[in-house]
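First up is the structure itself, then whatever we jot down about it.
The values are calculated or read from the model by the stated rules, or taken from the named source; none is laboratory data. Note that the structure is predicted; figures quoted are calculated from it, not measured. Please note that ligands, DNA and RNA were not included when accessible areas were found on the heavy atoms of the full protein model with its side chains. Shrake-Rupley method; radii C 1.70, N 1.55, O 1.52, S 1.80 Å.
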Amino acid sequence: MNSNPLDSLGLSVGGFISQLVSFGVLLLLLRLFAYKPIMRMLDNRAQKIQESLDAGERAKQEAVNAEKEVVKKTEEASASGQKIVDQAVKAAEDVRRRAEQDARKQADAIIEKARIEIAHEKEESAAELRREVADLAVAVAGKTIGRSLDDMTQKQIIDEALKEAAALGKS
């Protein structure tokens, strides 16, 4: 019988060592030609994924910033629009107030002009009434006296009649 226990299992020491050396060489070759390139490729892929994630995060941050900027611009535009509306309302109120003042001035001028015209008409009417009263007084006096008065006497009678008519008109 054999003294080697591996022989009973069907293994030989020389075959085992040659298989062990072959496995080591294969492992070394795989490490040099397969493992390092595969690891490099996986590292590159991980780096690209990280860059994509970073770019996505930057894009997300830029979108948030852009949204904030849009909100800010919208608020500024709204405030500016409100300011313009307020100015327009104020300008319209000023125009309305000026138009109202102009209308009052015109109305006052028309009323004053009417008062002046009324006073003038009143004076003219009073003067015409005095003339008619004087003519009537002269006619009545002429008939009463039965003679024609000279100009001086006639003027004195007219003046007295006018004074009396004016005194009657005032009372």
Nearest-10 value in Å² for the accessible area of residue 22, using the 1.4 Å probe: 70 Å²
Would you calculate a helix-derived [θ] at 222 nm for the chain, using -39,500 (n - 2.57) for each DSSP H run of n ≥ 4 and dividing by the full residue count, to the nearest 500? -33000 deg cm²/dmol
Excluding residues on the same chain fewer than 8 positions from residue 73, give the lysines whose Cα lies under 27 Å from its Cα. 60, 83, 90
Along its three principal axes, how long is the stretch 76-118 when you only count alpha carbons? Whole Å, largest extent first please. 62, 5, 5
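Counting heavy atoms of the protein chains only and a 1.4 Å probe, report the per residue accessible area for the stretch 10-120 as a whole number of Å². Don't jump to the answer; show the numbers that get you there.
Values: 9830 Å² over 111 residues.
Spelled out: the 1.4 Å probe surface of the stretch 10-120, per residue, equals 89 Å².
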Which order do 105, 36 take when ranked by solvent-accessible area (1.4 Å probe, heavy atoms of all protein chains), largest first? 105, 36
All lysines inside 30 Å of residue 113 as judged from Cα atoms, apart from same-chain residues fewer than 8 positions distant: 105, 122, 163, 170
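If you roll a 1.4 angstrom probe over the protein chains with everything in place, what fraction of the accessible area of the chain belongs to carbon and sulfur, to the nearest %? Mind showing how you got there, number by number?
On the way: 9090 of 15010 Å².
Of the solvent-accessible surface of the chain, carbon and sulfur hold 61 percent.
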With every protein chain present, what accessible area does residue 23 have (1.4 Å probe, heavy atoms only), rounded to the nearest 10 Å²? 120 Å²
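Mean Kyte-Doolittle of at least -0.5 plus a Cα span of 15 Å or more along the axis: flag which DSSP H helices in the chain meet both, please.
On the way: long enough: 13-30 (25 Å, 2.18); 36-145 (159 Å, -0.75); 151-170 (28 Å, -0.41).
Helices meeting the span and hydropathy rule in the chain are 13-30, 151-170.
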Eligible aspartates and glutamates near residue 48 by straight Cα distance, threshold 17 Å, same-chain separation 8 or greater: 57
Using all alpha carbons of the stretch 23-76, what is the percent of pairwise distances in each 5 Å bin, ordered from the shortest bin to the longest? 5, 16, 11, 11, 8, 10, 7, 7, 6, 5, 4, 3, 3, 2, 1
